[in-house]
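The values are calculated or read from the model by the stated rules, or taken from the named source; none is laboratory data. Only a predicted model underlies this, so the values are computations on that prediction, with no experimental measurement involved. Counting neighbours? That spans all protein chains shown, and the Cβs are built from the backbone with ideal geometry, glycine included. Surface accessibility is based on the protein's heavy atoms, side chains included, excluding ligands, DNA and RNA. Shrake-Rupley method; radii C 1.70, N 1.55, O 1.52, S 1.80 Å.
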Amino acid sequence: MDPEKIRIDFPILGRKVHNKPLVYFDNAATTQKPQVVIDALVNYYTGLNSNVHRGVHYLSQQATVAFEEVRQKIQRFVNARFSHEIIYTRGCTESINLVAASWGRANIGPGEEILISGMEHHSNIVPWQMLCEEKGAALKVCPLHPDGSLDMQAYADMLGEKTRMVAITHISNTLGTVNPVKEITRMAHEKGITVLIDGAQALSHMKVDVQDIGCDFYAFSAHKVYGPMGIGGLYGREEVLNAMPPYQGGGEMIKNVTFEKTLYNELPFKFEAGTPNVGDVIGFGAAIDYISGIGLDQIGAWEHELLAYATEKLSADPLVRIIGTAPGKASLISFLINGIHPYDAGTIIDHMGIAVRTGTHCTQPLMDSLGISGTIRASFAFYNTKQEIDRLMEAIDKVKEFFL
């Protein structure tokens, strides 16, 4: 693993910000794109641009082949049983909304419960709140331990007769906590409860095997996995997806339409109404090929090394408080500098050429439970280096000099 060689593949990493070499530590928000992904997008629009599935002409046929080959790549990448268990969406947020709107409206009734955790992203809170308001159901929240890990005893106790859905993140985008999703799923299934896992933060850091996890749904986004924005997917078990009504109506999701009645298409097309985002799907496929070529084991090992190095450096500063210390966490650190607002600190850090995220990270209820207004978050990818972490520490010293 040579991050310096890998960095050459990412054009944006060679630029300067505020006349300083860019240090990009905002990978939990979105990852940068290798040249092969950029080339895939350009090649599609300059040589293949056509709508898919319904055309008999050459470009449409070739675009369709490329589009469906990526579905098979995703199937292998997450180890789904069938490619038709992969539904293209705009990303993780739409995937969760699809399940809430389709499965939820068909299966949730008054007085029933949906169980989430206290570390969830807004995208895995708000759709369920909307469903609960519509159906007269209740949203329950599993608490966390002080280190940011899920309270599994509380989780077990909250799986009740009224629980119909468990929706929990695989990796917290704020705390870095890696949840025991296989155990979470097993415990829920023992009581006949459906499980959705929000995998937005997981696919870029570790091997994901949806069959081994056993979940009913797994949501993900391409832009967190070095692919384009605006594309992602939903894995759903075949039998569960077949039992669900369509999410949206329009072209492609139909077999036959009359003014009296419509017959819906088979999987996966039943859930893919309208013209799809073909170019970005192909870009997603290029991203999967790229990181598969490097190897997720190697990626994970280097990111763990970066996390350990950054944790040691930040922990040595008596004015820095790390938020989220669960064992086995993923490669991000949320922290505060005593007496300094995260936005103020983030502004100074930015002027040092370092991109970090400041604020609530779309986890406002988590921040409220911790009694803080937000954090500074540094999230690492395999193209980051220890020297960049040293630059972050220098920037933190500048912040303290300026404000304290």
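Restricted to region 125-222, the set of helices (runs of 4 or more DSSP H) holding at least 3 residues that are in contact (Cβ under 8 Å) with a residue 12 or more places away in the chain and open to solvent by 50 Å² or more (accessible area, probe 1.4 Å) comprises 126-135, 181-189.
With respect to the stated conditions, Glu272 fails to be at pLDDT 95 or above, open to solvent by 60 Å² or more (accessible area, probe 1.4 Å) and of a type outside the set (Val, Ile, Thr). For region 105-119, state whether one or more residues are under 22 Å from the mean Cα position of the chain (by Cα), of a type outside the set (Lys, Arg), over 17 Å from Leu370 (Cβ atoms) and part of a helix (DSSP H, G or I). Checked against the condition, which is being under 22 Å from the mean Cα position of the chain (by Cα), of a type outside the set (Lys, Arg), over 17 Å from Leu370 (Cβ atoms) and part of a helix (DSSP H, G or I), region 105-119 yields no hits at all. Within region 209-261, the set of residues being more than 16 Å from Thr93 (Cβ to Cβ) and aromatic (Phe, Trp, Tyr) comprises Tyr226, Phe259. Cβ-Cβ distances below 6 Å connect the following pairs, each with a first residue in region 55-77 that is over 15 Å from Pro276 (Cα atoms), a second residue that is in a helix (DSSP H, G or I) and among the small types (Gly, Ala, Ser), and a separation of six or more residues or different chains: Gln72/Ser83; Lys73/Gly285; Gln75/Ser83. The single condition from (1) assigned to a loop (DSSP other than H, G, I, E, B); (2) over 25 Å from Pro246 (Cα atoms); (3) under 21 Å from the mean Cα position of the chain (by Cα) that Val56 fails is (3). Taking (1) buried (at least 20 other Cβ atoms within 10 Å of the Cβ); (2) hydrophobic (A, V, I, L, M, F, W, C); (3) more than 25 Å from Leu203 (Cβ to Cβ) in turn, Phe402 satisfies each apart from (1). Is there a residue being under 21 Å from the mean Cα position of the chain (by Cα), closer than 22 Å to Glu239 by Cα and in a helix (DSSP H, G or I) anywhere in region 62-69? Within region 62-69, none of the residues are under 21 Å from the mean Cα position of the chain (by Cα), closer than 22 Å to Glu239 by Cα and in a helix (DSSP H, G or I). Check region 308-329 and report whether any residue there is free of Cβ contacts under 8 Å to residues at least 60 places away in the same chain, of a type in the set (Ser, Thr, Tyr) and either under 30 Å from Val99 (Cβ atoms) or open to solvent by 40 Å² or more (accessible area, probe 1.4 Å) (or both). Checking region 308-329: at least one residue is free of Cβ contacts under 8 Å to residues at least 60 places away in the same chain, of a type in the set (Ser, Thr, Tyr) and either under 30 Å from Val99 (Cβ atoms) or open to solvent by 40 Å² or more (accessible area, probe 1.4 Å) (or both).
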